[in-house]
Amino acid sequence: MRALKIGFVIVTGDAGVERTTARWGDIRALALRAEAIGFDTVWAPDELLWRPASGKERGFWDCLAMAGALAAVTSRVQVGTWVMSALHRNPGIIAKAVETLDEISGGRYVFGLGAGHEWPGQARAFGLPEDHIYQRFEDALQIIVPLLRGGHADFEGTWHAAHDLDQRPVGPRPGAIPIMIGGHGPKGLRHAARLADIWSCYAEERSDVEEMGPRVVALEAACAEVGRDPATIGRSAGVEVAPLVRAGDSSAPKGAIAGSAEEIADRFLGFRTAGFTQLEVMLEPQTTAALEAMVPVLDILDTA
């Protein structure tokens, strides 16, 4: 068994300095190759449109449609949303989409979920709420989790409601679709400790254990607070990897893991030592060559 589960986050939209649009044919080819070489999961990110104060806009294909397409063309690899934004959608519809994706994938779907964000201008552009984002998320959880775990929700909140709502139809894993909750702050950690099968975080400055290791300690404290055995929750870290660049090379993206296969695998294993159970890899660049450079990394992890 592999020492650490490794996922591949596919850029499903504009990528690189030139903001080149990722086309379905290329996305499909990358997903199938990732499956063939042994990645555990392929992930579709949930973003809409980035409008940074400086630089070019970045647009993205719809996450749910793309996840469904990835689920339909693959056969072994898990398919996940990294992470679905509760801000973008009605919570009852989210639960229905989750069940549909698990049906399409034949029970291979991993439901990544987060509060979402208004930055950088995408919420305003689409007419989505920009206020009380986390309070809206807490309401949404009161509907999504009961629907997925018990098949029914009846809730009247400040921001969301479900009225005698049944989860029908259901897919191949009623009540058992893995839930991965993303969160860095105390509230997100507590929600993950209470409700999630997997907790997820991502590198903000550097893809290394020095930045991200302390978050595992915070998660374990949250588990203690809610009375959960921390050994029962998976721990996921999103990291950027530049496998075509030597370690220390100035051309590597800032904070990314770079170097030989042995050096990258060693950095990955450092995350396992720190308590992480899986990594979600954002490759730079998103090319077949970069994906192929990960083959020896996976081979090393298979024997570690």
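The values are calculated or read from the model by the stated rules, or taken from the named source; none is laboratory data. Computed from a predicted model, the values in this text were never measured in an experiment. Because the Cβ atoms are built from the backbone with ideal geometry, glycine has one as well, and the counts that use them run over all protein chains shown. The accessibility values were calculated without ligands, DNA or RNA, using every heavy atom of the protein model including side chains. Shrake-Rupley method; radii C 1.70, N 1.55, O 1.52, S 1.80 Å.
Could you pull out the residue among Ala218, Ala231, Ala222, Ala193 that is over 30 Å from Glu284 (Cα atoms), of a type outside the set (Phe, Trp, Tyr), open to solvent by 30 Å² or more (accessible area, probe 1.4 Å) and more than 15 Å from the chain's Cα centre (by Cα)? Spell out the reasoning first.
Working: Ala218 fails: over 30 Å from Glu284 (Cα atoms); Ala222 fails: open to solvent by 30 Å² or more (accessible area, probe 1.4 Å); Ala193 fails: open to solvent by 30 Å² or more (accessible area, probe 1.4 Å).
One residue alone meets the criteria, Ala231.
When restricted to residues that are closer than 14 Å to Val83 by Cα and acidic (Asp, Glu), region 51-73 contains 1.
Quick check on Gly151: is it closer than 30 Å to Ala258 by Cβ, small (Gly, Ala, Ser) and touching a strand residue (DSSP E or B) at 6+ places or on another chain (Cβ under 9 Å)? First the steps, then the outcome.
Details: closer than 30 Å to Ala258 by Cβ: no; small (Gly, Ala, Ser): yes; touching a strand residue (DSSP E or B) at 6+ places or on another chain (Cβ under 9 Å): yes.
Taking the combined requirement at face value, the residue does not satisfy it.
In region 29-64, the qualifying residues are those that are open to solvent by less than 40 Å² (accessible area, probe 1.4 Å) and of a type in the set (Gly, Ala, Ser), and the one that is nearest to Leu101 (Cα to Cα) is Ala44.
Among the residues of region 88-123, the ones that are without any contact (Cβ under 8 Å) to a residue 12 or more places away in the chain and either small (Gly, Ala, Ser) or touching a helix residue (DSSP H, G or I) at 6+ places or on another chain (Cβ under 8 Å) (or both) come to 1 in all. Restricting attention to region 13-28 and to residues that are outside any loop (DSSP other than H, G, I, E, B) and closer than 29 Å to Leu301 by Cα, the residue that is least open to solvent (accessible area, probe 1.4 Å) turns out to be Ile27.
Which ones in region 175-190 are of a type in the set (A, V, I, L, M, F, W, C) and either assigned to a loop (DSSP other than H, G, I, E, B) or surrounded by fewer than 19 Cβ atoms within 10 Å (Cβ to Cβ) (or both)?
Correct list: Ala176, Ile177.
Among the residues of region 154-174, those that are open to solvent by less than 90 Å² (accessible area, probe 1.4 Å) and assigned to a loop (DSSP other than H, G, I, E, B) comprise Gly157, Trp159, His160, Gln167, Val170, Gly171, Pro172, Arg173, Pro174.
Residues that are more than 25 Å from the chain's Cα centre (by Cα) and of a type in the set (D, E, K, R) were ranked within region 243-267; the one that is nearest to Val297 (Cα to Cα) is Glu262. When Pro243 is tested against (1) out of contact with any Lys or Arg (no Cβ under 9 Å at 6 or more places or on another chain); (2) under 23 Å from Met282 (Cβ atoms); (3) open to solvent by 20 Å² or more (accessible area, probe 1.4 Å), exactly one condition is not met: (3).
I need the full set of residues from region 260-296 which are touching a helix residue (DSSP H, G or I) at 6+ places or on another chain (Cβ under 8 Å), free of Cβ contacts under 8 Å to residues at least 60 places away in the same chain and open to solvent by less than 10 Å² (accessible area, probe 1.4 Å), in order please. Matches in region 260-296: Ile264, Ala265.
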